[in-house]
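The values are calculated or read from the model by the stated rules, or taken from the named source; none is laboratory data. Fair warning: this is a prediction, and the values are worked out from it, not measured in the lab. All Cβ positions, even for glycine, are placed from backbone atoms using ideal geometry, and neighbour counts span all protein chains on display. Accessible surface is based on the protein model in full, side chains and every heavy atom, while ligands, DNA and RNA are left aside. Shrake-Rupley method; radii C 1.70, N 1.55, O 1.52, S 1.80 Å.
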Amino acid sequence: SGMSILLSTHSLNVAVEVAHRLAIIHKGSIITVGTLAAIREEAGRLEGESVIYDEADVLSDSDEQQVQEAFDQTQEDSGQPLYAFLVPDTGVESPEARREFLLQEAREENVPQDAGVIVVAPNDRWTQLAKIDGVSEDAVSDAMVPDFQRGDFAAGLIAGAEEIDKLL
């Protein structure tokens, strides 16, 4: 108590791993201070913040960067923020349980309420989508599945983002 440690990083992911309060500095001036949840509520997703959670470890760093860029482009073009969770074995089978699993993942990562969420369980061979405004979740899923079936999860997520862009 009464002690602070200053860590400077350009990686928001690193900062949130080691700190419970953040200060965002732009051109030498502090522009906001608070918890990540409070800052998100104030500003939405922050530039440089990853929206790809590869818990199944199926994406290379290059793949993850390409998916991140596609998701960023979709948000820029359509206003639809996207988050993806690639999860290891879940044991989840029913559509209702998949939707609840998706909501749990989103809550745990403080995903904004207006964000579209894609959960992929590569080993369990299922996907679940939610909150993709004005777009058929089936159409997005249909765009992703062929790549997922080939084991190319990056291409599938990019195809999903492009489908959302096309439909919005």
* Asked: When ranked by the protection proxy of mean other Cβ atoms within 10 Å per residue, highest first, what sequence do the peptides 50-61, 111-122 form?
  -> 111-122, 50-61
* When only DSSP loop residues count, what trypsin sites (Lys or Arg not before Pro) in the range 92-168 have their Cβ near at most 15 other Cβ atoms within 10 Å? -> 125, 150
* Quick one: which residues, 5 or more positions from residue 54 or on another chain, have an amide H under 5 Å from its amide H? H modelled 1.01 Å from N in the peptide plane, none for Pro or chain starts. => 86
* Structure fact -> So, with points 7 Å from each Cα along the Cβ direction, the residue 130-residue 65 label distance in nm works out to 3.2 nm
* To do: Please give the length that would be gained between residue 89 and residue 107 if that part of the chain were fully extended, namely 0.36 nm times their separation in residues minus their C-alpha to C-alpha distance (nm, one decimal).
  => 4.5 nm
* Asked: So how exposed is residue 29, as accessible area in Å² (1.4 Å probe, rounded to 10)?
  -> 60 Å²
* Asked: Relative to the longest principal axis of the chain, what angle (0 to 90°, nearest 10) does the C-alpha long axis of helix 95-108 take?
  -> 10 degrees
* Please work out the average accessible area per residue across the range 33-168, using the 1.4 Å probe convention, and give it in Å². => 50 Å²
* With DNA, RNA and ligands ignored, accessible area of residue 85 (1.4 Å probe; Å², nearest 10) -> 0 Å²
